Amino acid sequence: MAKALSRYVCQACGASSAKWSGRCEACNAWNTITEEAPRETAPKGLSGRGGRKLDFVGLEGTTSVAPRRATGIAEFDRVAGGGLVRGSALLIGGDPGIGKSTLLLQVVAALGTAPSGGRDGGPGGASAAVRCAYISGEEAVDQVRLRAQRLAVTGAAVELAAATSVRDIVASLDHADAPDVVVIDSIQTMYVDTLDSAPGTVAQVRTAASELIRLAKRRGFVLLLVGHVTKEGVIAGPRVLEHMVDTVLYFEGERGHQFRILRAVKNRFGPANEIGVFEMTDAGLVEVPNPSALFLAERRGNISGTTVFAGMEGTRPVLVEIQALLAASPLATPRRAVVGWDSARLAMVLAVLEARCGLAVTGNDIYLNVAGGLRINEPAADLAVAAALVSSLSDIPMPDNLVVFGEIGLSGEVRAVSQTDQRLREAAKLGFGAALMPPRRGRRAGTAPGANGGLEAREVAHLQDLVQQLAGDAQPRRAAGSRPSGNNRMIAPTAVDS
Ligand code: TYD
Ligand code: MG
(Lines give C-alpha, C1' and ligand atoms only; values in the text may rest on other atoms or scores of the structure.)
(Ligands and ions follow the chains in the order given, each with its own letter.)
Protein backbone atom coordinates (compact mmCIF):
# COMPACT_ATOMS: atom_id res chain seq x y z
CA MET A 1 0.00 0.00 0.00
CA ALA A 2 1.25 3.46 -0.79
CA LYS A 3 2.51 5.54 2.10
CA ALA A 4 -0.20 7.82 3.42
CA LEU A 5 0.48 11.39 2.33
CA SER A 6 0.63 14.36 4.68
CA ARG A 7 -2.32 16.67 4.90
CA TYR A 8 -2.03 20.43 4.98
CA VAL A 9 -4.41 21.92 7.50
CA CYS A 10 -5.35 25.55 8.00
CA GLN A 11 -4.82 26.40 11.67
CA ALA A 12 -7.46 29.08 11.52
CA CYS A 13 -10.46 27.26 10.07
CA GLY A 14 -9.47 23.60 10.06
CA ALA A 15 -9.81 23.11 6.30
CA SER A 16 -7.43 20.53 4.91
CA SER A 17 -5.94 20.15 1.45
CA ALA A 18 -3.50 17.90 -0.33
CA LYS A 19 -0.87 20.56 -0.99
CA TRP A 20 0.59 23.52 0.81
CA SER A 21 -0.27 27.05 -0.18
CA GLY A 22 0.35 30.44 1.30
CA ARG A 23 -3.29 31.26 1.60
CA CYS A 24 -6.13 29.10 2.83
CA GLU A 25 -8.74 28.74 0.11
CA ALA A 26 -11.52 28.21 2.63
CA CYS A 27 -11.06 31.22 4.90
CA ASN A 28 -8.54 33.31 2.92
CA ALA A 29 -6.17 33.57 5.87
CA TRP A 30 -2.47 33.92 5.05
CA ASN A 31 0.30 31.71 6.43
CA THR A 32 -1.99 29.52 8.46
CA ILE A 33 -1.43 26.22 6.66
CA THR A 34 0.83 23.68 8.29
CA GLU A 35 1.66 20.11 7.49
CA GLU A 36 0.05 17.48 9.64
CA ALA A 37 0.53 13.77 9.74
CA PRO A 38 -2.38 11.81 8.36
CA ARG A 39 -5.10 10.90 10.76
CA GLU A 40 -5.28 7.47 12.30
CA THR A 41 -6.94 5.35 9.67
CA ALA A 42 -10.66 5.58 10.09
CA PRO A 43 -12.84 2.47 10.05
CA LYS A 44 -13.91 1.60 6.56
CA GLY A 45 -17.60 1.76 7.41
CA LEU A 46 -19.86 -0.70 9.13
CA SER A 47 -19.60 -4.21 7.87
CA GLY A 48 -21.37 -7.18 9.37
CA ARG A 49 -23.85 -7.06 12.22
CA GLY A 50 -22.52 -6.43 15.74
CA GLY A 51 -23.30 -3.33 17.76
CA ARG A 52 -25.22 -2.82 20.98
CA LYS A 53 -28.90 -1.97 21.05
CA LEU A 54 -29.65 1.51 22.39
CA ASP A 55 -31.97 1.97 25.36
CA PHE A 56 -34.45 4.61 24.30
CA VAL A 57 -36.15 6.57 27.08
CA GLY A 58 -38.92 9.16 27.31
CA LEU A 59 -38.36 12.90 27.74
CA GLU A 60 -39.71 12.82 31.25
CA GLY A 61 -37.60 11.34 33.97
CA THR A 62 -35.95 12.07 37.28
CA THR A 63 -32.30 12.76 37.78
CA SER A 64 -30.87 11.98 41.17
CA VAL A 65 -28.16 14.62 41.04
CA ALA A 66 -28.71 18.38 41.09
CA PRO A 67 -28.66 19.64 37.51
CA ARG A 68 -26.60 22.73 38.28
CA ARG A 69 -23.86 23.58 40.64
CA ALA A 70 -23.52 27.26 41.49
CA THR A 71 -19.99 28.40 42.27
CA GLY A 72 -21.01 31.26 44.51
CA ILE A 73 -19.25 33.73 42.22
CA ALA A 74 -22.44 35.42 41.05
CA GLU A 75 -20.96 37.09 37.96
CA PHE A 76 -19.62 33.75 36.76
CA ASP A 77 -22.78 31.81 37.55
CA ARG A 78 -25.01 34.20 35.64
CA VAL A 79 -22.89 33.88 32.50
CA ALA A 80 -22.82 30.10 32.85
CA GLY A 81 -26.63 30.13 32.96
CA GLY A 82 -27.05 29.74 36.71
CA GLY A 83 -24.30 27.30 37.52
CA LEU A 84 -22.25 24.48 36.09
CA VAL A 85 -24.21 21.64 34.53
CA ARG A 86 -23.08 18.13 35.35
CA GLY A 87 -21.25 16.43 32.49
CA SER A 88 -20.98 19.59 30.44
CA ALA A 89 -17.92 21.08 28.77
CA LEU A 90 -17.14 24.78 28.84
CA LEU A 91 -14.53 26.59 26.81
CA ILE A 92 -13.13 29.81 28.22
CA GLY A 93 -11.31 31.79 25.57
CA GLY A 94 -9.32 34.98 25.86
CA ASP A 95 -6.10 36.80 25.07
CA PRO A 96 -2.96 35.73 26.92
CA GLY A 97 -2.67 37.47 30.27
CA ILE A 98 -6.30 38.52 30.44
CA GLY A 99 -6.89 36.43 33.56
CA LYS A 100 -8.32 33.08 32.47
CA SER A 101 -6.14 31.03 34.80
CA THR A 102 -6.88 33.41 37.65
CA LEU A 103 -10.62 33.22 37.06
CA LEU A 104 -10.72 29.44 36.91
CA LEU A 105 -8.52 29.02 39.95
CA GLN A 106 -10.92 31.29 41.82
CA VAL A 107 -13.88 29.30 40.51
CA VAL A 108 -12.55 25.93 41.63
CA ALA A 109 -11.41 27.42 44.93
CA ALA A 110 -14.90 28.82 45.53
CA LEU A 111 -16.41 25.43 44.73
CA GLY A 112 -13.86 23.70 46.94
CA THR A 113 -14.68 25.86 49.93
CA ALA A 114 -18.44 26.02 49.32
CA PRO A 115 -20.47 24.66 52.22
CA SER A 116 -21.68 21.25 51.11
CA GLY A 117 -25.32 21.15 50.08
CA GLY A 118 -27.32 24.36 50.10
CA ARG A 119 -25.63 25.81 47.01
CA ASP A 120 -26.92 23.12 44.70
CA GLY A 121 -29.78 24.35 42.61
CA GLY A 122 -32.93 22.40 42.05
CA PRO A 123 -34.52 19.64 44.02
CA GLY A 124 -32.53 16.78 45.42
CA GLY A 125 -29.28 18.75 45.64
CA ALA A 126 -26.30 16.53 46.36
CA SER A 127 -24.84 17.07 49.77
CA ALA A 128 -21.34 15.81 48.97
CA ALA A 129 -18.59 18.45 48.83
CA VAL A 130 -17.55 19.60 45.37
CA ARG A 131 -14.25 18.02 44.47
CA CYS A 132 -12.20 19.93 41.95
CA ALA A 133 -9.06 19.21 39.98
CA TYR A 134 -6.91 21.84 38.31
CA ILE A 135 -4.56 20.51 35.64
CA SER A 136 -2.09 23.02 34.28
CA GLY A 137 -0.14 22.44 31.11
CA GLU A 138 1.39 25.91 31.15
CA GLU A 139 2.55 26.47 34.68
CA ALA A 140 4.41 24.34 37.18
CA VAL A 141 2.68 23.28 40.38
CA ASP A 142 4.71 25.81 42.37
CA GLN A 143 3.60 28.65 40.14
CA VAL A 144 -0.04 27.75 40.58
CA ARG A 145 0.51 27.51 44.32
CA LEU A 146 2.06 30.98 44.33
CA ARG A 147 -0.98 32.30 42.54
CA ALA A 148 -3.25 30.55 45.03
CA GLN A 149 -1.36 32.28 47.83
CA ARG A 150 -1.83 35.60 46.16
CA LEU A 151 -5.53 34.91 45.82
CA ALA A 152 -5.69 33.71 49.44
CA VAL A 153 -7.40 30.48 48.49
CA THR A 154 -4.80 27.97 49.69
CA GLY A 155 -7.33 26.47 52.09
CA ALA A 156 -9.63 25.27 49.32
CA ALA A 157 -9.84 21.56 48.55
CA VAL A 158 -8.44 21.58 45.02
CA GLU A 159 -6.34 18.78 43.58
CA LEU A 160 -3.51 20.25 41.57
CA ALA A 161 -1.36 18.69 38.87
CA ALA A 162 0.90 19.79 36.05
CA ALA A 163 0.43 17.58 32.98
CA THR A 164 0.15 17.78 29.22
CA SER A 165 -0.40 14.18 28.16
CA VAL A 166 -4.06 13.43 27.54
CA ARG A 167 -3.36 9.74 28.06
CA ASP A 168 -2.09 10.44 31.62
CA ILE A 169 -4.99 12.75 32.36
CA VAL A 170 -7.61 10.29 31.17
CA ALA A 171 -5.95 7.49 33.15
CA SER A 172 -6.08 9.63 36.30
CA LEU A 173 -9.69 10.71 35.91
CA ASP A 174 -11.36 7.64 34.48
CA HIS A 175 -12.63 6.06 37.65
CA ALA A 176 -15.85 6.03 39.62
CA ASP A 177 -14.84 8.72 42.09
CA ALA A 178 -13.49 11.21 39.58
CA PRO A 179 -13.59 14.86 40.68
CA ASP A 180 -16.79 16.85 40.06
CA VAL A 181 -15.08 19.71 38.26
CA VAL A 182 -11.92 19.52 36.15
CA VAL A 183 -9.99 22.49 34.76
CA ILE A 184 -7.64 21.98 31.81
CA ASP A 185 -5.36 25.00 31.39
CA SER A 186 -4.95 25.17 28.41
CA ILE A 187 -6.23 22.90 25.66
CA GLN A 188 -3.47 24.15 23.32
CA THR A 189 -0.77 22.62 25.53
CA MET A 190 -2.36 19.16 25.60
CA TYR A 191 -1.16 16.40 23.32
CA VAL A 192 -2.33 12.98 22.30
CA ASP A 193 0.62 10.66 21.72
CA THR A 194 -0.96 8.79 18.81
CA LEU A 195 -0.73 11.91 16.64
CA ASP A 196 2.52 13.18 15.20
CA SER A 197 1.62 16.84 14.96
CA ALA A 198 2.73 19.34 17.57
CA PRO A 199 0.54 20.46 20.49
CA GLY A 200 -1.67 23.38 19.52
CA THR A 201 -2.32 22.20 15.97
CA VAL A 202 -5.88 21.62 14.88
CA ALA A 203 -5.55 17.86 14.90
CA GLN A 204 -4.09 17.78 18.41
CA VAL A 205 -6.52 20.26 19.90
CA ARG A 206 -9.50 18.55 18.34
CA THR A 207 -8.48 15.07 19.39
CA ALA A 208 -7.46 16.09 22.90
CA ALA A 209 -10.69 17.99 23.42
CA SER A 210 -12.89 15.21 22.13
CA GLU A 211 -11.17 12.63 24.37
CA LEU A 212 -11.61 14.84 27.42
CA ILE A 213 -15.20 15.77 26.59
CA ARG A 214 -16.14 12.14 26.08
CA LEU A 215 -14.66 11.30 29.46
CA ALA A 216 -16.52 14.19 31.10
CA LYS A 217 -19.84 12.97 29.72
CA ARG A 218 -19.13 9.41 30.79
CA ARG A 219 -18.01 10.26 34.31
CA GLY A 220 -20.39 13.19 34.79
CA PHE A 221 -17.84 15.84 35.71
CA VAL A 222 -17.81 19.43 34.55
CA LEU A 223 -14.94 20.13 32.17
CA LEU A 224 -13.57 23.67 31.98
CA LEU A 225 -11.21 24.12 29.05
CA VAL A 226 -9.02 27.19 28.65
CA GLY A 227 -8.45 28.22 25.04
CA HIS A 228 -6.13 30.86 23.69
CA VAL A 229 -7.25 33.42 21.23
CA THR A 230 -5.35 34.41 18.11
CA LYS A 231 -4.62 37.92 16.89
CA GLU A 232 -7.85 37.85 14.94
CA GLY A 233 -9.86 37.08 18.03
CA VAL A 234 -10.88 33.49 17.38
CA ILE A 235 -9.95 30.66 19.66
CA ALA A 236 -6.62 29.52 18.30
CA GLY A 237 -6.85 26.94 15.59
CA PRO A 238 -10.13 25.30 16.01
CA ARG A 239 -13.39 26.98 15.35
CA VAL A 240 -14.28 23.29 15.52
CA LEU A 241 -13.74 23.40 19.25
CA GLU A 242 -16.65 25.77 19.61
CA HIS A 243 -18.97 23.15 18.14
CA MET A 244 -17.73 20.41 20.43
CA VAL A 245 -18.37 22.10 23.76
CA ASP A 246 -21.68 23.02 25.37
CA THR A 247 -20.76 26.52 26.37
CA VAL A 248 -18.29 29.05 25.00
CA LEU A 249 -17.30 31.96 27.20
CA TYR A 250 -14.97 34.75 26.17
CA PHE A 251 -12.97 36.63 28.74
CA GLU A 252 -12.16 40.03 27.36
CA GLY A 253 -11.00 43.46 28.34
CA GLU A 254 -8.86 46.31 27.10
CA ARG A 255 -5.23 46.21 28.02
CA GLY A 256 -4.55 48.96 30.53
CA HIS A 257 -8.06 48.74 31.92
CA GLN A 258 -8.67 46.76 35.04
CA PHE A 259 -12.17 45.71 33.95
CA ARG A 260 -12.68 42.22 32.59
CA ILE A 261 -15.83 41.04 30.92
CA LEU A 262 -16.86 37.42 30.74
CA ARG A 263 -19.25 36.96 27.85
CA ALA A 264 -21.29 33.91 26.87
CA VAL A 265 -21.29 33.48 23.09
CA LYS A 266 -22.86 30.04 23.08
CA ASN A 267 -24.67 28.25 25.85
CA ARG A 268 -26.64 25.04 25.48
CA PHE A 269 -27.90 25.34 29.04
CA GLY A 270 -28.61 29.03 29.43
CA PRO A 271 -28.97 32.38 27.70
CA ALA A 272 -26.18 33.53 25.40
CA ASN A 273 -24.95 37.15 25.30
CA GLU A 274 -24.99 37.34 29.08
CA ILE A 275 -22.03 39.19 30.61
CA GLY A 276 -20.26 39.12 33.94
CA VAL A 277 -18.05 42.02 34.96
CA PHE A 278 -14.90 41.69 37.05
CA GLU A 279 -12.14 43.98 38.14
CA MET A 280 -8.55 42.70 38.21
CA THR A 281 -6.96 43.70 41.49
CA ASP A 282 -3.77 42.79 43.36
CA ALA A 283 -5.60 39.91 44.96
CA GLY A 284 -7.30 38.48 41.92
CA LEU A 285 -10.62 39.15 40.22
CA VAL A 286 -13.31 40.95 42.15
CA GLU A 287 -16.94 40.87 41.07
CA VAL A 288 -18.54 44.09 39.94
CA PRO A 289 -22.23 43.75 40.73
CA ASN A 290 -23.14 47.17 39.40
CA PRO A 291 -21.18 47.72 36.18
CA SER A 292 -23.03 50.88 35.16
CA ALA A 293 -21.71 52.77 38.17
CA LEU A 294 -18.22 51.55 37.32
CA PHE A 295 -18.37 52.46 33.63
CA LEU A 296 -19.66 55.91 34.46
CA ALA A 297 -17.30 56.52 37.39
CA GLU A 298 -14.87 58.70 35.48
CA ARG A 299 -17.45 60.63 33.55
CA ARG A 300 -17.10 64.38 33.54
CA GLY A 301 -20.16 66.35 32.67
CA ASN A 302 -20.57 69.34 30.40
CA ILE A 303 -18.18 68.20 27.71
CA SER A 304 -19.30 68.10 24.13
CA GLY A 305 -19.09 64.79 22.30
CA THR A 306 -20.08 62.49 25.13
CA THR A 307 -23.35 60.72 25.79
CA VAL A 308 -24.51 58.01 28.13
CA PHE A 309 -25.92 55.00 26.33
CA ALA A 310 -28.51 52.88 28.14
CA GLY A 311 -27.64 49.46 26.79
CA MET A 312 -28.57 45.87 27.47
CA GLU A 313 -26.07 43.06 27.83
CA GLY A 314 -28.08 39.85 27.86
CA THR A 315 -30.68 40.28 30.54
CA ARG A 316 -28.85 43.08 32.29
CA PRO A 317 -29.01 46.80 31.62
CA VAL A 318 -25.62 48.49 31.43
CA LEU A 319 -25.05 52.22 31.17
CA VAL A 320 -21.87 53.28 29.46
CA GLU A 321 -20.40 56.48 28.16
CA ILE A 322 -19.85 56.96 24.44
CA GLN A 323 -17.28 59.56 23.40
CA ALA A 324 -16.84 61.08 19.98
CA LEU A 325 -14.32 63.57 18.72
CA LEU A 326 -14.53 65.24 15.32
CA ALA A 327 -11.70 67.35 14.04
CA ALA A 328 -11.17 68.93 10.64
CA SER A 329 -8.91 66.57 8.76
CA PRO A 330 -5.76 67.53 6.86
CA LEU A 331 -5.89 64.18 5.07
CA ALA A 332 -7.47 63.32 1.77
CA THR A 333 -8.99 60.26 3.40
CA PRO A 334 -10.00 61.32 6.89
CA ARG A 335 -9.18 59.04 9.77
CA ARG A 336 -11.79 56.86 11.45
CA ALA A 337 -10.80 55.26 14.73
CA VAL A 338 -13.38 53.22 16.61
CA VAL A 339 -12.89 51.46 19.95
CA GLY A 340 -15.62 49.23 21.32
CA TRP A 341 -18.07 49.56 18.44
CA ASP A 342 -18.52 48.38 14.89
CA SER A 343 -16.87 50.70 12.38
CA ALA A 344 -19.31 49.69 9.61
CA ARG A 345 -22.14 50.79 11.86
CA LEU A 346 -20.36 54.12 12.41
CA ALA A 347 -20.09 54.60 8.66
CA MET A 348 -23.84 54.01 8.37
CA VAL A 349 -24.68 56.55 11.09
CA LEU A 350 -22.36 59.10 9.45
CA ALA A 351 -23.99 58.58 6.06
CA VAL A 352 -27.45 59.07 7.55
CA LEU A 353 -26.36 62.23 9.38
CA GLU A 354 -25.01 63.62 6.16
CA ALA A 355 -27.78 62.56 3.80
CA ARG A 356 -30.83 63.06 6.01
CA CYS A 357 -29.80 65.85 8.35
CA GLY A 358 -27.49 67.82 6.10
CA LEU A 359 -24.56 67.75 8.52
CA ALA A 360 -21.10 67.94 6.94
CA VAL A 361 -19.32 65.18 8.80
CA THR A 362 -17.34 63.19 6.29
CA GLY A 363 -14.50 65.69 5.93
CA ASN A 364 -13.56 65.24 9.60
CA ASP A 365 -11.27 62.86 11.35
CA ILE A 366 -13.58 60.90 13.63
CA TYR A 367 -12.67 59.12 16.83
CA LEU A 368 -15.28 57.08 18.63
CA ASN A 369 -14.70 55.40 21.94
CA VAL A 370 -16.80 53.33 24.32
CA ALA A 371 -15.39 54.25 27.71
CA GLY A 372 -14.31 51.56 30.15
CA GLY A 373 -13.30 48.89 27.65
CA LEU A 374 -16.77 47.49 26.93
CA ARG A 375 -17.62 46.24 23.42
CA ILE A 376 -21.12 47.11 22.30
CA ASN A 377 -22.92 45.06 19.65
CA GLU A 378 -26.43 46.41 19.98
CA PRO A 379 -27.98 48.50 17.18
CA ALA A 380 -29.69 50.38 20.03
CA ALA A 381 -26.44 52.32 20.41
CA ASP A 382 -26.96 54.08 17.06
CA LEU A 383 -28.81 57.04 18.53
CA ALA A 384 -26.28 57.47 21.33
CA VAL A 385 -23.43 57.45 18.81
CA ALA A 386 -25.27 59.93 16.59
CA ALA A 387 -25.87 62.17 19.60
CA ALA A 388 -22.20 62.06 20.55
CA LEU A 389 -21.20 62.89 16.98
CA VAL A 390 -23.63 65.78 16.65
CA SER A 391 -22.62 67.07 20.07
CA SER A 392 -18.94 67.02 19.14
CA LEU A 393 -19.55 68.57 15.75
CA SER A 394 -21.55 71.41 17.21
CA ASP A 395 -19.53 71.69 20.41
CA ILE A 396 -22.74 71.60 22.40
CA PRO A 397 -22.60 69.31 25.42
CA MET A 398 -25.45 66.91 25.99
CA PRO A 399 -27.39 67.52 29.20
CA ASP A 400 -25.73 65.84 32.16
CA ASN A 401 -28.73 63.85 33.29
CA LEU A 402 -29.66 62.37 29.92
CA VAL A 403 -29.39 58.79 28.70
CA VAL A 404 -29.80 57.89 25.02
CA PHE A 405 -30.84 54.75 23.15
CA GLY A 406 -32.53 53.87 19.87
CA GLU A 407 -31.80 52.27 16.53
CA ILE A 408 -31.43 54.42 13.41
CA GLY A 409 -32.82 53.39 10.05
CA LEU A 410 -31.41 54.43 6.68
CA SER A 411 -34.01 57.13 6.16
CA GLY A 412 -33.06 58.70 9.46
CA GLU A 413 -36.03 57.36 11.39
CA VAL A 414 -35.45 56.31 14.99
CA ARG A 415 -36.66 52.81 15.64
CA ALA A 416 -37.92 51.21 18.80
CA VAL A 417 -35.62 48.82 20.65
CA SER A 418 -36.35 46.02 23.06
CA GLN A 419 -36.47 46.20 26.85
CA THR A 420 -37.15 49.91 27.08
CA ASP A 421 -38.48 49.66 30.62
CA GLN A 422 -35.39 47.94 31.92
CA ARG A 423 -33.14 50.57 30.38
CA LEU A 424 -35.19 53.36 31.91
CA ARG A 425 -35.25 51.71 35.31
CA GLU A 426 -31.47 51.33 35.38
CA ALA A 427 -31.05 54.97 34.33
CA ALA A 428 -33.44 56.12 37.05
CA LYS A 429 -31.59 54.02 39.60
CA LEU A 430 -28.35 55.79 38.74
CA GLY A 431 -29.92 59.21 39.09
CA PHE A 432 -30.56 60.16 35.47
CA GLY A 433 -33.54 62.39 34.84
CA ALA A 434 -34.33 62.11 31.15
CA ALA A 435 -34.06 59.71 28.25
CA LEU A 436 -33.68 60.51 24.58
CA MET A 437 -35.41 57.56 23.01
CA PRO A 438 -37.60 56.27 20.18
CA PRO A 439 -41.33 56.94 20.38
CA ARG A 440 -43.04 54.27 22.42
CA ARG A 441 -45.56 52.26 20.50
CA GLY A 442 -49.18 52.79 21.44
CA ARG A 443 -48.49 56.12 23.10
CA ARG A 444 -48.82 59.62 21.87
CA ALA A 445 -45.53 61.08 20.75
CA GLY A 446 -44.09 63.93 22.77
CA THR A 447 -42.66 64.30 26.22
CA ALA A 448 -44.45 62.61 29.05
CA PRO A 449 -42.85 63.61 32.34
CA GLY A 450 -43.60 61.42 35.30
CA ALA A 451 -44.16 58.25 33.30
CA ASN A 452 -41.30 55.88 32.37
CA GLY A 453 -39.97 55.10 35.82
CA GLY A 454 -39.69 58.74 36.83
CA LEU A 455 -37.63 59.69 33.78
CA GLU A 456 -38.64 62.38 31.39
CA ALA A 457 -39.02 60.65 28.03
CA ARG A 458 -37.83 62.86 25.19
CA GLU A 459 -39.05 60.96 22.21
CA VAL A 460 -37.31 61.48 18.89
CA ALA A 461 -38.92 60.02 15.80
CA HIS A 462 -36.26 61.22 13.37
CA LEU A 463 -32.58 62.07 13.59
CA GLN A 464 -33.44 65.67 12.74
CA ASP A 465 -35.41 65.89 15.98
CA LEU A 466 -32.25 64.94 17.83
CA VAL A 467 -30.33 67.76 16.17
CA GLN A 468 -33.05 70.19 17.19
CA GLN A 469 -33.27 68.86 20.75
CA LEU A 470 -29.53 69.38 21.12
CA ALA A 471 -29.72 72.91 19.83
CA GLY A 472 -32.53 73.58 22.28
CA ASP A 473 -30.41 72.38 25.18
CA ALA A 474 -27.52 74.54 24.18
CA GLN A 475 -28.62 77.97 25.29
CA PRO A 476 -27.31 78.18 28.86
CA ARG A 477 -23.72 77.25 28.17
CA ARG A 478 -22.83 79.05 24.98
CA ALA A 479 -22.72 82.43 26.72
CA ALA A 480 -19.35 81.48 28.23
CA GLY A 481 -17.85 81.27 24.75
CA SER A 482 -15.31 78.76 25.93
CA ARG A 483 -14.00 77.76 22.54
CA PRO A 484 -13.39 79.66 19.36
CA SER A 485 -15.95 78.80 16.77
CA GLY A 486 -14.75 76.69 13.89
CA ASN A 487 -16.22 76.55 10.45
CA ASN A 488 -17.91 73.25 11.02
CA ARG A 489 -20.29 74.42 13.71
CA MET A 490 -23.51 73.33 12.19
CA ILE A 491 -25.99 74.19 14.85
CA ALA A 492 -26.43 77.76 15.96
CA PRO A 493 -27.48 77.62 19.61
CA THR A 494 -30.40 79.89 18.99
CA ALA A 495 -31.52 78.29 15.78
CA VAL A 496 -34.36 76.37 17.38
CA ASP A 497 -36.66 77.63 20.04
CA SER A 498 -37.95 74.69 21.98
P1 TYD B 1 -3.59 34.99 34.04
O2 TYD B 1 -4.71 34.42 34.81
O3 TYD B 1 -2.28 34.30 34.15
O4 TYD B 1 -3.97 35.15 32.51
P5 TYD B 1 -4.20 34.03 31.40
O6 TYD B 1 -4.34 32.73 32.08
O7 TYD B 1 -5.47 34.48 30.73
O8 TYD B 1 -3.05 34.10 30.47
O9 TYD B 1 -3.48 36.51 34.48
C10 TYD B 1 -2.30 37.15 34.41
C11 TYD B 1 -2.42 38.62 34.62
O12 TYD B 1 -3.24 38.98 35.70
C13 TYD B 1 -1.04 39.13 34.88
O14 TYD B 1 -0.81 40.19 34.00
C15 TYD B 1 -1.08 39.56 36.30
C16 TYD B 1 -2.51 39.80 36.60
N17 TYD B 1 -2.90 39.46 37.97
C18 TYD B 1 -3.28 40.47 38.83
O19 TYD B 1 -3.28 41.65 38.47
N20 TYD B 1 -3.68 40.16 40.10
C21 TYD B 1 -3.71 38.88 40.55
O22 TYD B 1 -4.09 38.63 41.71
C23 TYD B 1 -3.31 37.84 39.65
C24 TYD B 1 -3.31 36.42 40.09
C25 TYD B 1 -2.92 38.17 38.37
MG1 MG C 1 -3.03 31.11 31.95
Q: Taking all protein chains together and a probe of 1.4 Å, list ILE322, ILE303 from the most accessible to the least accessible.
A: ILE303, ILE322
Q. Can you give the accessible area of SER16, probe radius 1.4 Å, in Å² rounded to 10?
A. 70
Q | Computed log₁₀ I(q)/I(0) - Debye formula, equal Cα scatterers, no solvent, segment 148-201, q 0.25, 0.26, 0.30 Å⁻¹ | A | -1.07, -1.10, -1.25
Q | Rounded Å value of the spacing that divides the Cα centres of segment 142-196 and segment 355-380 | A | 45
Q: Please give every one of the aspartates and glutamates within straight-line cross-link reach of LYS266, meaning a C-alpha to C-alpha distance under 16 Å, and leave out same-chain neighbours fewer than 8 residues apart.
A: ASP77, GLU242, ASP246, GLU252, GLU274, GLU313
Q) How much accessible surface does ASP246 have with a 1.4 Å probe, in Å² rounded to 10? A) 10
Q: May I ask you to rank ARG147, ARG260, ARG52 by accessible area, largest first, using a 1.4 Å probe over the protein chains only?
A: ARG52, ARG147, ARG260
(Q) Counting C-alpha atoms alone, how compact is segment 69-289: give Rg to one decimal and Dmax as a whole number, in angstrom. (A) 16.1, 47
Q.
What figure, in Å² to the nearest 10, do you get for the accessible area of MET280 with a 1.4 Å probe and non-protein molecules left out?
A. 50
Q. Residue by residue, what Karplus-based ³J(HN,Hα) values in Hz, rounded to whole numbers, does segment 383-391 have, using 6.51, -1.76 and 1.60 with θ = phi - 60° and x for Gly and Pro?
A. 5, 5, 5, 4, 5, 5, 5, 5, 4
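The values are calculated or read from the model by the stated rules, or taken from the named source; none is laboratory data. Here the structure is a predicted model, which means the values were calculated and not measured. Ligands, DNA and RNA are excluded from the accessible area calculation, which covers all protein heavy atoms including side chains. Shrake-Rupley method; radii C 1.70, N 1.55, O 1.52, S 1.80 Å.
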